[in-house]
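Trainee: First the structure, then my questions, so here it is.
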Amino acid sequence: MKLMQLLAVGAIVLTAPAALADKKSEAYVEAQANAVLKVLNDKTLTSDERSAKFADYMHKFAYMPDIARRVLGAQGRSLSEAQFDRYYKTFEEYATEVYQAQLDEFRGESIKVVGSTDPAPRRSQVNTLIKSTESGKDIQVVWDVLQSKDGQTYRVRDVGINLDGSVIWLAQDQQAQFESFLDRNNGDIDKLIDRIKQMIADMRERAKAGAASTLAKSTSKNPG
């Protein structure tokens, strides 16, 4: 009987930190993600000011250097420091554009944490629901969070958006694209940098076209 009691107490001790870590990571995501969404909805900011503030929040919320190297896969380990620095400056700009474009769909909404799981030590995947401003439906957004070794801080490793039952991870999707491009171009990082710059330009053109379309619709409804 004493042995069973000891085992039970041991199980409680072993499992308690994980449960606490889950609650902390959930609270972290709820606070930080809502702060990011608030920036997207701040009508007092110009487009450039909003983008700059969003980028600042994303650097606090997510560890960009880790994401930048991870999306290169095995190719990233062979880069010199100078090569990585050149690539990182471009990737940082690209990643900010991607995350802003994806999260902009939830402009004005707040997130609701609905639970979390622990795929690995110090890692949690926090499940949230955010209402889409376009469809009005709740969309599942999953935040892959890494706890620091001292347990004091958290950073987002990736963001997954559930589209029609399939979770699309932004960093994982980028990794597949970048690895494929490097394989086709003999690992030439400068060609990838040029390709990323083109992708940034394309996203900005689409954003401008979307803004122009929205303005045209608004003007037609309110000819003034």
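Trainee: Of the residues 128, 133, which is touching a residue at least 60 places away in the same chain (Cβ under 8 Å), touching a Lys or Arg at 6+ places or on another chain (Cβ under 7 Å) and β-branched (Val, Ile, Thr)?
Mentor: Going through 128, 133 in turn, the sole match is 128.
Trainee: Mind checking which residues of the stretch 88-101 are under 13 Å from residue 204 (Cα atoms) and surrounded by fewer than 17 Cβ atoms within 10 Å (Cβ to Cβ)?
Mentor: 93, 101
Trainee: Regarding residue 162, is this residue free of Cβ contacts under 8 Å to residues at least 24 places away in the same chain and in a strand (DSSP E or B)?
Mentor: Yes: the conditions hold for residue 162.
Trainee: Out of all the residues in the stretch 105-164, which are closer than 22 Å to residue 24 by Cα, touching a strand residue (DSSP E or B) at 6+ places or on another chain (Cβ under 8 Å) and of a type in the set (Gly, Ala, Ser)?
Mentor: 110, 115, 116, 124, 148, 160
Trainee: Within the stretch 46-119, which helices (runs of 4 or more DSSP H) (wholly inside it) include 3 or more residues that are at pLDDT 90 or above and not basic (Lys, Arg)?
Mentor: Once the helices (runs of 4 or more DSSP H) in the stretch 46-119 are filtered for at least 3 residues that are at pLDDT 90 or above and not basic (Lys, Arg), what remains is 81-103.
Trainee: Looking at the structure I just gave you, is residue 147 out of contact with any helix residue (DSSP H, G or I) (no Cβ under 7 Å at 6 or more places or on another chain), surrounded by 15 or more Cβ atoms within 10 Å (Cβ to Cβ) and not small (Gly, Ala, Ser)?
Mentor: So residue 147 does not fit the description; no.
Trainee: For the stretch 95-110, indicate whether the set of residues that are within 16 Å of residue 62 (Cα to Cα) and more than 13 Å from the chain's Cα centre (by Cα) is non-empty.
Mentor: No, that holds for no residue.
Trainee: Among the numbered criteria (1) at pLDDT below 90; (2) out of contact with any helix residue (DSSP H, G or I) (no Cβ under 7 Å at 6 or more places or on another chain), which one does residue 129 miss?
Mentor: The one condition residue 129 does not meet is (1).
The values are calculated or read from the model by the stated rules, or taken from the named source; none is laboratory data. All of these numbers come straight from a predicted model, not from anything done at the bench. Ideal geometry is used to build each Cβ from the backbone, glycine not excepted, and the neighbour counts take in all protein chains shown.
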